[in-house]
Amino acid sequence: MAADTNNAQTLSDHLAKLPHYHVVTLSDGQYLAYSDGLTEPGALGYAADLISPTSGAREQGLEEVWIVKVDPKSCRLVHGDNAEKDTEDALEFLQRLIEDEPYWSAF
């Protein structure tokens, strides 16, 4: 059993070091939201569900969607011990991100 625990921990440590993705959305011209760190297929699937949901009814007000790949060691959306600085870092990151070309746009 200990070997399985060690293998699981090694896999977990390895996955934590891989790049992850966030899906960021803009709705109604003012509401920004972002996903937790996802794998690339997870981010693409989540974005596809937002843009063209199987129910056929896209979220009202959805205007733009970005998919951003980040290095977990420098992810500005990760919160640490300094909530005020972390919030400022996240807002700065999101402001720069939305200046880039979106993955999808309703316009």
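The values are calculated or read from the model by the stated rules, or taken from the named source; none is laboratory data. Keep in mind it's a predicted model, so treat the numbers as computed, not measured. With ideal geometry, Cβ positions are generated from the backbone for all residues, glycine too; neighbour counts draw on all protein chains shown.
Remarks
- You will find that of 46, 34, 103, the residue that is surrounded by 15 or more Cβ atoms within 10 Å (Cβ to Cβ), touching a residue at least 24 places away in the same chain (Cβ under 8 Å), within 28 Å of residue 13 (Cα to Cα) and not hydrophobic (A, V, I, L, M, F, W, C) is 34 and no other.
- Test set (1) among the small types (Gly, Ala, Ser); (2) surrounded by fewer than 11 Cβ atoms within 10 Å (Cβ to Cβ); (3) assigned to a helix (DSSP H, G or I) - residue 80 fails condition number: (3)
- Filter result for residue 66 (within 30 Å of residue 13 (Cβ to Cβ), at pLDDT 95 or above and surrounded by 13 or more Cβ atoms within 10 Å (Cβ to Cβ)): yes
- Some residue of region 85-93 being over 14 Å from residue 25 (Cα atoms), among the hydroxyl-bearing types (Ser, Thr, Tyr) and surrounded by 10 or more Cβ atoms within 10 Å (Cβ to Cβ): yes
- If you go through region 48-76 and keep only what is touching a Phe, Trp or Tyr at 6+ places or on another chain (Cβ under 6 Å), closer than 17 Å to residue 97 by Cα and not aromatic (Phe, Trp, Tyr), you end up with 65, 67, 69, 76.
- When restricted to residues that are hydrophobic (A, V, I, L, M, F, W, C) and touching a strand residue (DSSP E or B) at 6+ places or on another chain (Cβ under 8 Å), region 75-107 contains 8.
- When the test is whether a residue is closer than 23 Å to residue 17 by Cβ and in contact (Cβ under 8 Å) with a residue 12 or more places away in the chain, residue 62 does not pass it.
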